[in-house]
1. Compute the FRET efficiency between E290 and Q230 as 1/(1 + (r/R0)^6), taking r as their Cβ-Cβ distance and R0 = 35 Å, and round to the nearest 0.05.
2. Over region 223-363, what percent of the accessible surface lies on carbon and sulfur atoms, probe 1.4 Å?
3. Please work out the Cα center distance from region 178-216 to region 226-298, rounded to the nearest Å.
4. If every alpha-carbon in region 192-316 counts as one equal scatterer, what log10 I(q)/I(0) does Debye give at q = 0.09, 0.10, 0.13, 0.20 1/Å?
5. Determine the per residue accessible area of region 257-363 with all protein chains present and a 1.4 angstrom probe, expressed in square angstrom.
6. Given points 7 Å out from each Cα along the Cα-Cβ axis, report the A325 to K166 separation in nanometres with one decimal.
7. Which FRET efficiency value, to the nearest 0.05, is calculated for A264 and E196 with the Förster distance at 45 angstrom and r the Cβ-Cβ distance?
8. Based on the Cβ-Cβ distance from A64 to S314, what FRET efficiency comes out when R0 is 35 Å, to the nearest 0.05?
Amino acid sequence: MIITHVHRKLKGVPIVESSWVPATIVSLLLCAVLGCSGQSQLESAVNEYRARLNRVLGISIPAAKWDDSLTFALAYPTASALNVNIVPMNINLRDFYAIQDCELGRIVAERNTALGKTQLPSQRFIYEQKLLTVLAKCAAISAEGNQKLSTQIERWLEQKQAQWPKVWAQLIQNSTEMKQGLSLASAPLNTRDGNEGVSAVNALFYLDHLRQTQHATTPLDSTELEAQLQMIGSVRLPAKIWLTQRILATELHQLTEQLKQPLATVSCPNGNASDKAKILRNVFYLFFIEEIQPIGSKVNQFHYQLNPLWQSWSQSRALSPAFKAFIEGNAEHGFQQYQQSMKAHVTMWQTFLSRCNLAPVAG
(Lines give C-alpha, C1' and ligand atoms only; values in the text may rest on other atoms or scores of the structure.)
Protein backbone atom coordinates (compact mmCIF):
# COMPACT_ATOMS: atom_id res chain seq x y z
CA MET A 1 0.00 0.00 0.00
CA ILE A 2 1.29 3.46 -0.93
CA ILE A 3 1.01 5.93 1.92
CA THR A 4 1.34 9.67 2.01
CA HIS A 5 2.61 11.70 4.93
CA VAL A 6 0.58 14.89 5.45
CA HIS A 7 2.19 17.39 7.80
CA ARG A 8 2.14 21.20 7.97
CA LYS A 9 4.41 23.06 10.38
CA LEU A 10 5.62 26.63 10.79
CA LYS A 11 8.85 26.98 12.81
CA GLY A 12 7.82 24.52 15.44
CA VAL A 13 4.17 25.58 15.64
CA PRO A 14 2.00 22.87 14.01
CA ILE A 15 -1.06 23.89 12.02
CA VAL A 16 -2.26 20.40 11.05
CA GLU A 17 -1.57 17.28 13.05
CA SER A 18 0.68 14.68 11.41
CA SER A 19 -1.17 11.71 9.95
CA TRP A 20 -0.65 8.74 7.66
CA VAL A 21 -3.17 8.68 4.85
CA PRO A 22 -3.86 5.57 2.72
CA ALA A 23 -3.56 6.09 -1.02
CA THR A 24 -7.27 5.37 -1.45
CA ILE A 25 -8.01 8.51 0.55
CA VAL A 26 -5.47 10.76 -1.16
CA SER A 27 -7.68 11.29 -4.20
CA LEU A 28 -10.55 12.31 -1.94
CA LEU A 29 -8.34 14.85 -0.20
CA LEU A 30 -7.21 16.26 -3.52
CA CYS A 31 -10.81 16.42 -4.69
CA ALA A 32 -11.73 18.45 -1.65
CA VAL A 33 -8.83 20.85 -2.21
CA LEU A 34 -9.74 21.29 -5.87
CA GLY A 35 -13.39 21.93 -5.18
CA CYS A 36 -14.98 18.57 -6.01
CA SER A 37 -17.16 18.95 -2.93
CA GLY A 38 -19.08 21.67 -4.69
CA GLN A 39 -17.73 24.44 -2.49
CA SER A 40 -16.13 27.46 -4.11
CA GLN A 41 -12.56 28.48 -3.31
CA LEU A 42 -13.89 31.31 -1.15
CA GLU A 43 -16.38 29.16 0.75
CA SER A 44 -13.72 26.53 1.44
CA ALA A 45 -11.26 29.15 2.69
CA VAL A 46 -13.79 30.86 4.97
CA ASN A 47 -15.04 27.56 6.39
CA GLU A 48 -11.50 26.32 7.06
CA TYR A 49 -10.53 29.66 8.61
CA ARG A 50 -13.53 29.53 10.93
CA ALA A 51 -12.91 25.88 11.86
CA ARG A 52 -9.24 26.52 12.76
CA LEU A 53 -10.15 29.51 14.93
CA ASN A 54 -12.87 27.53 16.68
CA ARG A 55 -10.41 24.74 17.39
CA VAL A 56 -7.59 26.92 18.72
CA LEU A 57 -9.81 29.19 20.81
CA GLY A 58 -12.14 26.43 21.99
CA ILE A 59 -15.24 28.30 20.88
CA SER A 60 -18.01 27.77 18.34
CA ILE A 61 -18.48 30.50 15.74
CA PRO A 62 -21.46 29.52 13.58
CA ALA A 63 -21.41 30.02 9.84
CA ALA A 64 -23.32 33.04 8.60
CA LYS A 65 -26.83 32.09 7.50
CA TRP A 66 -27.53 32.53 3.82
CA ASP A 67 -30.71 32.38 1.80
CA ASP A 68 -29.58 30.66 -1.41
CA SER A 69 -32.19 32.43 -3.48
CA LEU A 70 -30.69 35.76 -2.46
CA THR A 71 -27.07 34.64 -2.56
CA PHE A 72 -27.01 33.44 -6.15
CA ALA A 73 -29.73 35.66 -7.63
CA LEU A 74 -29.14 39.31 -6.84
CA ALA A 75 -32.61 40.88 -6.98
CA TYR A 76 -32.73 42.18 -10.56
CA PRO A 77 -35.53 44.69 -11.22
CA THR A 78 -38.81 43.41 -12.63
CA ALA A 79 -39.63 43.60 -16.34
CA SER A 80 -42.28 46.25 -15.68
CA ALA A 81 -39.74 48.44 -13.87
CA LEU A 82 -37.38 48.17 -16.85
CA ASN A 83 -39.96 48.68 -19.59
CA VAL A 84 -38.76 51.07 -22.29
CA ASN A 85 -41.45 52.68 -24.44
CA ILE A 86 -40.12 53.33 -27.95
CA VAL A 87 -42.80 54.88 -30.17
CA PRO A 88 -42.74 53.24 -33.62
CA MET A 89 -42.17 55.30 -36.74
CA ASN A 90 -45.47 55.46 -38.62
CA ILE A 91 -45.29 55.70 -42.42
CA ASN A 92 -48.39 56.01 -44.58
CA LEU A 93 -48.70 54.02 -47.80
CA ARG A 94 -48.00 56.98 -50.06
CA ASP A 95 -44.69 57.72 -48.30
CA PHE A 96 -43.88 54.03 -48.14
CA TYR A 97 -44.15 53.68 -51.90
CA ALA A 98 -42.17 56.89 -52.37
CA ILE A 99 -39.16 55.52 -50.48
CA GLN A 100 -38.84 52.33 -52.51
CA ASP A 101 -36.13 53.92 -54.63
CA CYS A 102 -33.72 53.94 -51.65
CA GLU A 103 -32.81 51.28 -49.11
CA LEU A 104 -35.21 52.75 -46.56
CA GLY A 105 -38.18 50.93 -48.09
CA ARG A 106 -36.58 47.53 -47.53
CA ILE A 107 -35.53 48.36 -43.97
CA VAL A 108 -39.04 49.51 -43.03
CA ALA A 109 -40.54 46.38 -44.60
CA GLU A 110 -38.25 44.19 -42.46
CA ARG A 111 -39.67 45.72 -39.28
CA ASN A 112 -43.21 44.80 -40.29
CA THR A 113 -42.55 41.09 -40.66
CA ALA A 114 -43.42 38.60 -37.90
CA LEU A 115 -39.74 38.33 -36.95
CA GLY A 116 -39.29 42.07 -37.06
CA LYS A 117 -42.06 42.59 -34.54
CA THR A 118 -40.51 40.17 -32.02
CA GLN A 119 -36.89 41.29 -32.12
CA LEU A 120 -34.61 40.68 -29.16
CA PRO A 121 -33.08 43.86 -27.65
CA SER A 122 -29.78 43.25 -29.49
CA GLN A 123 -31.56 42.71 -32.82
CA ARG A 124 -33.70 45.79 -32.25
CA PHE A 125 -30.57 47.80 -31.48
CA ILE A 126 -28.88 46.70 -34.71
CA TYR A 127 -32.07 47.45 -36.67
CA GLU A 128 -32.46 50.94 -35.17
CA GLN A 129 -28.83 51.83 -35.81
CA LYS A 130 -29.09 50.61 -39.40
CA LEU A 131 -32.31 52.62 -39.81
CA LEU A 132 -30.51 55.78 -38.71
CA THR A 133 -27.70 55.32 -41.24
CA VAL A 134 -30.18 54.59 -44.03
CA LEU A 135 -32.42 57.53 -43.12
CA ALA A 136 -29.45 59.88 -43.40
CA LYS A 137 -28.48 58.48 -46.81
CA CYS A 138 -32.04 58.53 -48.17
CA ALA A 139 -32.60 62.11 -47.02
CA ALA A 140 -29.58 63.19 -49.03
CA ILE A 141 -30.69 61.23 -52.13
CA SER A 142 -34.28 62.49 -51.96
CA ALA A 143 -33.16 66.11 -51.58
CA GLU A 144 -31.94 65.99 -55.18
CA GLY A 145 -35.34 65.09 -56.70
CA ASN A 146 -38.11 65.28 -54.10
CA GLN A 147 -37.71 68.02 -51.52
CA LYS A 148 -41.01 67.22 -49.82
CA LEU A 149 -40.01 63.60 -49.29
CA SER A 150 -36.57 64.65 -48.13
CA THR A 151 -38.15 66.92 -45.50
CA GLN A 152 -40.34 64.04 -44.28
CA ILE A 153 -37.32 61.72 -44.03
CA GLU A 154 -35.48 64.41 -42.05
CA ARG A 155 -38.36 64.45 -39.56
CA TRP A 156 -38.19 60.67 -39.22
CA LEU A 157 -34.44 60.92 -38.71
CA GLU A 158 -34.89 63.47 -35.92
CA GLN A 159 -37.50 61.23 -34.29
CA LYS A 160 -35.23 58.17 -34.34
CA GLN A 161 -32.21 60.13 -33.10
CA ALA A 162 -34.25 61.40 -30.15
CA GLN A 163 -35.24 57.81 -29.37
CA TRP A 164 -31.69 56.49 -29.55
CA PRO A 165 -30.93 56.70 -25.79
CA LYS A 166 -34.02 54.53 -25.14
CA VAL A 167 -32.88 52.00 -27.76
CA TRP A 168 -29.52 51.76 -26.00
CA ALA A 169 -31.20 51.51 -22.58
CA GLN A 170 -33.35 48.66 -23.86
CA LEU A 171 -30.20 46.78 -24.88
CA ILE A 172 -28.48 47.36 -21.53
CA GLN A 173 -31.42 46.66 -19.23
CA ASN A 174 -33.38 43.95 -20.99
CA SER A 175 -30.90 41.72 -22.82
CA THR A 176 -30.95 38.22 -21.34
CA GLU A 177 -27.15 38.13 -21.28
CA MET A 178 -27.00 41.39 -19.32
CA LYS A 179 -29.47 40.08 -16.75
CA GLN A 180 -27.34 36.95 -16.35
CA GLY A 181 -24.11 38.93 -16.14
CA LEU A 182 -25.44 41.35 -13.56
CA SER A 183 -27.54 39.12 -11.32
CA LEU A 184 -26.95 35.38 -11.76
CA ALA A 185 -23.56 34.41 -10.36
CA SER A 186 -22.57 30.80 -10.96
CA ALA A 187 -20.01 31.10 -8.13
CA PRO A 188 -18.00 33.75 -6.23
CA LEU A 189 -14.74 35.09 -7.61
CA ASN A 190 -11.59 33.05 -7.17
CA THR A 191 -7.91 33.80 -7.58
CA ARG A 192 -7.88 32.17 -11.02
CA ASP A 193 -10.37 34.66 -12.50
CA GLY A 194 -8.14 36.50 -14.94
CA ASN A 195 -8.34 36.61 -18.72
CA GLU A 196 -12.07 35.93 -18.89
CA GLY A 197 -12.67 38.67 -16.36
CA VAL A 198 -10.69 41.15 -18.44
CA SER A 199 -12.68 40.15 -21.53
CA ALA A 200 -15.94 40.68 -19.65
CA VAL A 201 -14.80 44.15 -18.53
CA ASN A 202 -13.99 45.02 -22.16
CA ALA A 203 -17.37 43.69 -23.29
CA LEU A 204 -19.23 45.91 -20.82
CA PHE A 205 -17.32 48.99 -21.97
CA TYR A 206 -18.06 47.98 -25.57
CA LEU A 207 -21.79 48.10 -24.82
CA ASP A 208 -21.36 51.46 -23.12
CA HIS A 209 -19.61 52.83 -26.21
CA LEU A 210 -22.57 51.82 -28.39
CA ARG A 211 -24.69 54.68 -27.09
CA GLN A 212 -22.45 57.00 -29.11
CA THR A 213 -23.00 55.19 -32.44
CA GLN A 214 -26.25 56.84 -33.57
CA HIS A 215 -24.28 59.00 -36.00
CA ALA A 216 -22.22 56.14 -37.46
CA THR A 217 -22.07 56.20 -41.26
CA THR A 218 -22.02 52.39 -41.56
CA PRO A 219 -24.20 49.74 -39.85
CA LEU A 220 -22.82 47.98 -36.80
CA ASP A 221 -21.51 44.43 -36.92
CA SER A 222 -24.27 42.31 -35.37
CA THR A 223 -21.88 39.37 -34.95
CA GLU A 224 -19.58 41.47 -32.77
CA LEU A 225 -22.44 42.69 -30.61
CA GLU A 226 -23.76 39.16 -30.04
CA ALA A 227 -20.26 37.92 -29.20
CA GLN A 228 -19.78 40.65 -26.58
CA LEU A 229 -23.18 39.92 -25.05
CA GLN A 230 -22.33 36.22 -24.96
CA MET A 231 -19.10 37.02 -23.10
CA ILE A 232 -21.03 39.00 -20.48
CA GLY A 233 -23.64 36.27 -20.08
CA SER A 234 -21.14 33.44 -19.78
CA VAL A 235 -18.54 35.04 -17.46
CA ARG A 236 -21.09 36.92 -15.29
CA LEU A 237 -18.36 39.05 -13.81
CA PRO A 238 -20.40 41.81 -12.11
CA ALA A 239 -22.66 39.23 -10.43
CA LYS A 240 -19.58 37.33 -9.24
CA ILE A 241 -18.01 40.51 -7.84
CA TRP A 242 -21.17 41.50 -6.00
CA LEU A 243 -21.80 38.00 -4.67
CA THR A 244 -18.21 37.78 -3.40
CA GLN A 245 -18.45 41.14 -1.63
CA ARG A 246 -21.68 40.08 0.06
CA ILE A 247 -20.20 36.80 1.28
CA LEU A 248 -17.05 38.49 2.58
CA ALA A 249 -18.96 41.35 4.20
CA THR A 250 -21.32 38.99 6.01
CA GLU A 251 -18.83 36.31 7.02
CA LEU A 252 -16.08 38.68 8.14
CA HIS A 253 -18.49 40.86 10.09
CA GLN A 254 -19.71 37.84 12.02
CA LEU A 255 -16.18 36.52 12.58
CA THR A 256 -14.98 39.90 13.83
CA GLU A 257 -17.85 40.25 16.31
CA GLN A 258 -17.35 36.69 17.61
CA LEU A 259 -13.53 36.91 17.87
CA LYS A 260 -13.07 40.22 19.66
CA GLN A 261 -13.57 38.88 23.18
CA PRO A 262 -11.74 35.51 22.78
CA LEU A 263 -8.69 37.21 21.25
CA ALA A 264 -8.63 39.77 24.05
CA THR A 265 -8.32 36.97 26.63
CA VAL A 266 -5.34 35.26 24.95
CA SER A 267 -2.36 35.63 27.27
CA CYS A 268 0.65 37.66 26.12
CA PRO A 269 2.31 38.68 29.43
CA ASN A 270 4.50 41.77 29.05
CA GLY A 271 4.07 41.55 25.29
CA ASN A 272 5.55 38.06 25.10
CA ALA A 273 3.59 35.87 22.70
CA SER A 274 2.34 32.57 24.07
CA ASP A 275 2.25 29.43 21.93
CA LYS A 276 -1.48 29.93 21.56
CA ALA A 277 -0.96 33.45 20.26
CA LYS A 278 1.60 32.20 17.74
CA ILE A 279 -0.76 29.51 16.50
CA LEU A 280 -3.52 32.09 16.08
CA ARG A 281 -1.14 34.36 14.17
CA ASN A 282 -0.31 31.45 11.83
CA VAL A 283 -3.99 30.65 11.29
CA PHE A 284 -4.59 34.30 10.41
CA TYR A 285 -1.67 34.31 8.00
CA LEU A 286 -2.35 30.96 6.30
CA PHE A 287 -6.09 31.22 5.89
CA PHE A 288 -6.90 34.93 5.80
CA ILE A 289 -3.83 36.59 4.30
CA GLU A 290 -2.87 33.70 2.01
CA GLU A 291 -6.32 32.49 0.90
CA ILE A 292 -9.10 34.98 1.64
CA GLN A 293 -7.33 38.29 1.11
CA PRO A 294 -6.21 37.43 -2.48
CA ILE A 295 -9.87 36.89 -3.41
CA GLY A 296 -10.61 40.28 -1.86
CA SER A 297 -7.86 41.71 -4.06
CA LYS A 298 -9.71 40.35 -7.11
CA VAL A 299 -12.85 42.12 -5.95
CA ASN A 300 -10.90 45.38 -5.64
CA GLN A 301 -9.22 44.92 -9.01
CA PHE A 302 -12.41 44.40 -10.99
CA HIS A 303 -14.40 46.93 -8.97
CA TYR A 304 -12.01 49.76 -9.78
CA GLN A 305 -11.84 48.75 -13.43
CA LEU A 306 -15.63 48.88 -13.72
CA ASN A 307 -16.33 51.78 -11.38
CA PRO A 308 -16.16 54.50 -14.11
CA LEU A 309 -18.80 52.54 -16.03
CA TRP A 310 -21.10 52.22 -13.02
CA GLN A 311 -20.70 55.93 -12.26
CA SER A 312 -21.61 56.81 -15.83
CA TRP A 313 -24.66 54.53 -15.86
CA SER A 314 -25.92 55.84 -12.52
CA GLN A 315 -26.06 59.33 -14.08
CA SER A 316 -27.71 58.24 -17.34
CA ARG A 317 -31.17 59.69 -17.95
CA ALA A 318 -32.02 56.89 -20.36
CA LEU A 319 -31.68 54.05 -17.85
CA SER A 320 -34.59 53.40 -15.51
CA PRO A 321 -34.47 54.41 -11.82
CA ALA A 322 -34.88 50.75 -10.79
CA PHE A 323 -31.90 49.67 -12.88
CA LYS A 324 -29.71 52.49 -11.56
CA ALA A 325 -30.72 51.68 -7.98
CA PHE A 326 -29.73 48.05 -8.60
CA ILE A 327 -26.31 49.11 -9.91
CA GLU A 328 -25.71 51.58 -7.08
CA GLY A 329 -26.84 49.13 -4.42
CA ASN A 330 -24.31 46.52 -5.53
CA ALA A 331 -21.43 48.48 -7.05
CA GLU A 332 -21.41 51.30 -4.48
CA HIS A 333 -23.16 50.37 -1.24
CA GLY A 334 -22.29 46.66 -1.43
CA PHE A 335 -18.64 47.49 -2.05
CA GLN A 336 -18.59 49.92 0.88
CA GLN A 337 -20.02 47.27 3.23
CA TYR A 338 -17.40 44.78 2.04
CA GLN A 339 -14.60 47.30 2.60
CA GLN A 340 -15.84 48.16 6.08
CA SER A 341 -16.03 44.50 7.11
CA MET A 342 -12.57 43.79 5.70
CA LYS A 343 -11.06 46.82 7.44
CA ALA A 344 -12.66 46.00 10.80
CA HIS A 345 -11.42 42.41 10.62
CA VAL A 346 -7.84 43.43 9.79
CA THR A 347 -7.85 46.13 12.48
CA MET A 348 -8.93 43.56 15.09
CA TRP A 349 -6.01 41.30 14.16
CA GLN A 350 -3.55 44.21 14.08
CA THR A 351 -4.56 45.11 17.64
CA PHE A 352 -4.07 41.51 18.78
CA LEU A 353 -0.72 41.06 17.01
CA SER A 354 0.56 44.38 18.32
CA ARG A 355 -0.34 43.42 21.90
CA CYS A 356 1.61 40.17 21.50
CA ASN A 357 4.53 41.71 19.54
CA LEU A 358 3.87 39.45 16.58
CA ALA A 359 4.33 40.26 12.90
CA PRO A 360 1.48 39.22 10.54
CA VAL A 361 3.70 36.67 8.78
CA ALA A 362 4.23 32.97 9.27
CA GLY A 363 6.66 32.37 12.06
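1. On the way: r = 35 Å, r/R0 = 1.00.
That pair, E290 with Q230, gives E of 0.50.
2. Working: 2910 of 6120 Å².
Roughly 48 percent of what the probe reaches on region 223-363 is carbon or sulfur.
3. For region 178-216 versus region 226-298, the Cα centre distance is 26 Å.
4. Scattering profile of region 192-316, log10 relative to I(0): -0.45, -0.52, -0.71, -1.16.
5. Details: 5080 Å² over 107 residues.
Heavy-atom accessible area per residue stands at 48 Å².
6. Here the answer is 2.2 nm between the modelled labels.
7. Working: r = 43 Å, r/R0 = 0.96.
Efficiency for this residue pair is about 0.55.
8. Numbers: r = 29 Å, r/R0 = 0.82.
Between A64 and S314 the formula returns 0.75.
The values are calculated or read from the model by the stated rules, or taken from the named source; none is laboratory data. Computed from a prediction, not measured in an experiment: that's the story for all the values here. Using ideal geometry, Cβ is built from the backbone for each residue, glycine included, and neighbour counts are taken over all protein chains shown. Ligands, DNA and RNA are stripped out before the accessible areas are found, and what is left, the full protein with its side chains, is counted by its heavy atoms. Shrake-Rupley method; radii C 1.70, N 1.55, O 1.52, S 1.80 Å.
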